[in-house]
């Protein structure tokens, strides 16, 4: 008797064989990120004795969430498409990956059989994870209260953690060396989180390599101020997420020259300020001329740096500009409208804790829509549409339409 399988049945059969062939391996040994750090980069999986990439077809934040959790790299910040971290080589092992989000490995997610794809390496998928450590409630990502991702959750760190641990943390977040704190800084209270003690030698490249000990007694929170802790602000814009770019350095605010200023630099600045995505870059002192110092010139960001201060530049105070060349930008702020006919209509999404999330439609009314439309500089709200009128989302959402919807 010959069993004939249709195309769907063949897909499921080959998928099952592929998953069974991987059971002999430890799943975390079969995935890696190739990029600027161990927790951000191009996604690669190991299969048949070689590393290969993942195609960005169907690539989503749910997929990224699984990858970050599998690598013990905290939570997913962004899912990257279009070979954002560069093109891989040789095989493309996975395509059409569709995770629910609670899988323990990307290899458990639905996907085409290994090696079957319709992609090129210009479609290699990437992720940006929050990492093993984060600094919370600071003026930039380079200062704040220290939290470590351990055993699947964020934990606060006790303040008796030592200079060596501070050194490891500052280097891991890409912020140089720790600065001496002449006074105890208040970056908020995290006593609701479980506490952990860290013991580091100072030679580790990640705090995850230090000894991490559970703590039962009450302790104060560890805080740190790292050397690359230049605060950033936007001046003279319509809200805190638009305006002239200014950097705080050497106890003084100064501007950024618009030589080589572009979307990659704006992307870094918007992310650093927790202002969502970069919408546009502005030149020639669009938001007015600054005063005194011009701190940065000829910046060349790749787009994935955590701070403008990390991008290559001529050096603080080194420039050939004047304030008629002050750079500016407009970020999407903490709210955006998706899938509308223009920027003033669509499904509402909110930027929070480094990622875009859905907003429940319960209790959503004219007052809330008015605040939203005013924040987006889109006039007054018009008729709201039914849920998912502007498309379904892996997030949750509701819709809004403003009067400036042309």
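Observations
- Exposure proxy order (Cβ contacts within 10 Å, fewest to most) of 215, 268, 169: 215, 268, 169
- Taking 273, 299, 263 and counting other C-beta atoms within 10 Å, the order from fewest to most: 263, 273, 299
- Put simply, the convex hull of the Cα atoms in region 133-276 casts, on average, a shadow of 10.2 nm².
- Burial ranking of peptide ranges 60-67, 279-286 (average Cβ count within 10 Å, highest at the top): 60-67, 279-286
- Percent RCO, i.e. relative contact order, over region 133-225, from Cα pairs under 8 Å lying at least 6 residues apart: 37
- Residue order, fewest to most beta carbons within 10 Å, for 319, 121: 121, 319
- Diffusion coefficient (Stokes-Einstein, Kirkwood radius over C-alpha pairs, 10 °C, 1.306 mPa s) for region 28-129: 124 µm²/s, rounded to a whole number.
- A Förster distance of 35 Å, applied to the separation of the beta-carbon atoms of residue 89 and residue 314, puts the FRET efficiency at 0.55.
- Theoretical gain in end-to-end length, residue 236 to residue 49 [0.36 nm per residue, Cα-Cα removed]: 61.7 nm
- Hydrodynamic radius of region 232-331 per Kirkwood, over alpha carbon pairs, in Å: 12.8
- Per residue, the convex hull spanned by the Cα atoms of region 71-145 amounts to 118 cubic angstrom.
- Centroid-to-centroid separation of region 27-58 and region 263-291 [C-alpha atoms, Å]: 32
- When both region 76-115 and region 119-149 are represented by their alpha-carbon centers, they are found 19 Å apart.
- When you restrict to C-alpha pairs under 8 Å that are six or more residues apart and normalise by the size of region 28-129, the relative contact order lands at 36 percent.
- Extension gain for the segment residue 81 to residue 323, taken as residue separation times 0.36 nm less the Cα-Cα distance, is 83.5 nm to one decimal.
- Reciprocal mean inverse distance between Cα atoms of region 43-101 - Kirkwood radius, Å: 12.0
- Chain lengthening between residue 159 and residue 213 when straightened (0.36 nm per residue, less Cα-Cα): 18.1 nm
- With the highest mean first, a sort of the peptides 194-206, 94-106, 321-333 on other beta-carbon atoms found within 10 angstrom per residue produces 321-333, 94-106, 194-206.
We did not get these values from a lab; they are worked out from the coordinates using the rules stated. Only a predicted model underlies this, so the values are computations on that prediction, with no experimental measurement involved. Counting neighbours? That spans all protein chains shown, and the Cβs are built from the backbone with ideal geometry, glycine included.
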